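So the structure is just underneath, and the comments pick up after that.
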Amino acid sequence: MSDSQIKLTSDEALVLSRWLEKLQMTDLSRVVDDPAVWAPIHRIAGTLDKTLPELFAPDCDQRLEAARQRLRRED
């Protein structure tokens with residue numbers, strides 16, 4: 001099987017990264033009933049962390065909120 005790729009906008013990636021961070025800080029077994037899903041969750045979160053310099057910017061919270069607002073308008 002070949003590797004799969006998922007394309008996200010920068011806004012989607014930033015919002016998803018923060019959500020995954022919160023998810024990982026919880027007891028995953030309460031949210032995700034199949035431990036087999038944990039590995040991909042951790043892999044996606046790690047990949048986002050490595051590719052999003054915005055996560056380490058001093059104004060990350062403002063960028064995150066702006067991204068959330070833009071994504072909410074798209075719905």
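Some points to look at:
- With respect to the stated conditions, M1 is at pLDDT below 90 and over 15 Å from the mean Cα position of the chain (by Cα).
- Boolean, R43 is under 21 Å from R72 (Cα atoms) and modelled with pLDDT of 90 or more: no
The values are calculated or read from the model by the stated rules, or taken from the named source; none is laboratory data. As the structure is a prediction and not an experimental result, all values here were calculated from the model.
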